[in-house]
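Here's the structure we're looking at; comments come further down.
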Amino acid sequence: MNIIEVTCKVPELMDMKVYPSALYCIGNLELLQRRKVSIIGSRNPIHYAMHSTQELAQKLSMAGICIVSGGAMGVDALAHRGAGTSNTIMVAGTGLDIRYPHVNQKLITEIELNGLVLSQFKEGIPSTKWNFPQRNEVIVALGEVLIVTQADVKSGSMHSIEFAQKMGKKIYVLPHRAGESEGTNMLLSKGLATPIYDIDAFVAGFGFVETKKNDVFLEYCKSNPLYNDAIAKHGEKVFEYEFLGKIVIEHGRIRSI
């Protein structure tokens with residue numbers, strides 16, 4: 001685990017009330033140069049929110065967008081996994097020598113290896129209730145927009161929405177039935193958020209879609225290569241693209257979809 005201090009300014013974080021006095025990372029700093037969208041929500045999402053969170057993250061990732069979230073249980077973890085661990089940024093609420101929460105240690109390790117984990121807290125600093133509002137402000141600042149897929153009225157997600165409003169970020173939410181996700185439903189009723197009714201239209205509407213012809217790995221897969229050869233040449237891309245449904249593995253060979 002190689003923890004380094006980020007010495008250059010991250011432009012998006014200038015939107016914060018106070019720029020972090022320090023910023024530490026493990027992983028691929030080049031992801032900070034990508035277009036980014038922040039996705040947050042409940043730690044106990046209903047099935048609809050679970051499925052939609054993963055679909056949103058996956059389709060945005062396939063369109064070249066890096067997904068930012070907080071590594072927590074529920075929506076955060078689903079957003080990271082939907083994006084693929086090589087195309088996601090996790091913002092931690094602890095020092096980076098602590099993988100929190102424990103239940104997501106495997107996911108966090110994969111993001112360290114393939115994506116990027118950020119924290120404004122020094123090594124050894126544990127999780128406290130004071131850390132997470134600061135963590136949430138970084139998550140919101142990094143994204144072009146904020147997507148909240150499920151949230152109760154009294155929740156950390158609603159505090160993140162306040163950060164987004166102060167930064168002038170557009171807020172998107174999933175439409176829910178009455179009695180579900182009352183926090184996001186309240187935002188919709190007050191005209192403070194925009195609903196996502198059609199995920200494909202949402203992605204396309206932002207001009208996020210990129211053509212597959214520019215994807216070197218997908219072009220390679222059109223030759224129906226041997227699985228072992230693909231692993232040797234492209235490594236984690238094989239697992240990422242299989243997870244995203246861009247390729248299938250059949251009889252020891254890879255086929256693009």
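I need the calculated FRET efficiency for the pair GLU123 and MET158, taking r as the beta carbon distance and R₀ as 25 Å, to the nearest 0.05. Could you put the intermediate results ahead of the total?
Numbers: r = 31 Å, r/R0 = 1.22.
Step by step, r from the Cβ atoms, then E = 0.25.
The magnitude of the dipole of the chain, with charges of +1 and -1 set on the Cβ of Lys/Arg and Asp/Glu and taken from the Cα centre, is near 220 debye.
A cut-off under 12 angstrom between Cβ atoms defines the neighbours of MET158, and their net charge, with Lys, Arg +1 and Asp, Glu -1, is -2. What separates the Cα centres of the stretch 93-142 and the stretch 7-38 is a distance of 14 Å. Give me the net charge for the shell around GLY143: Cβ to Cβ below 12 angstrom, other residues only, Lys and Arg +1, Asp and Glu -1. Computed value for this residue: +1.
For the chain, a Kirkwood radius taken over Cα pairs fed into Stokes-Einstein (4 °C, viscosity 1.567 mPa s) yields D = 69 µm²/s.
For the stretch 1-135, a crude dipole built from +1 on the beta carbon of Lys and Arg and -1 on the beta carbon of Asp and Glu, taken about the Cα centre, is about 260 debye to the nearest 20. Restricting attention to the stretch 128-257, lysine pairs at least eight places apart or on different chains and with alpha-carbon atoms under 22 angstrom apart total 22.
Membrane-span-like helices in the chain: DSSP H runs reaching 30 Å or more (Cα, own axis), mean Kyte hydropathy at least 1.6? Qualifying helices, which must be both long enough and hydrophobic enough, do not occur. Over the chain, dividing the summed -39,500 (n - 2.57) contributions of all DSSP H runs of at least 4 residues by the number of residues returns a 222 nm mean residue ellipticity of -11000 deg cm²/dmol.
Heavy-atom accessible surface of the chain, averaged per residue, reaches 49 Å², computed with a 1.4 Å probe. Please report the carbon-and-sulfur percent of the accessible area for the chain; probe 1.4 Å, protein heavy atoms only, DNA, RNA and ligands left out. Ligands and nucleic acids excluded, carbon and sulfur reach 53 percent.
The values are calculated or read from the model by the stated rules, or taken from the named source; none is laboratory data. Because the structure is a prediction, the values reported are computed rather than measured. Cβ sites come from the backbone with ideal geometry, for glycine too, and all protein chains shown count toward neighbours. What goes into the accessible areas is simple: the full protein's heavy atoms, side chains included, and nothing from ligands, DNA or RNA. Shrake-Rupley method; radii C 1.70, N 1.55, O 1.52, S 1.80 Å.
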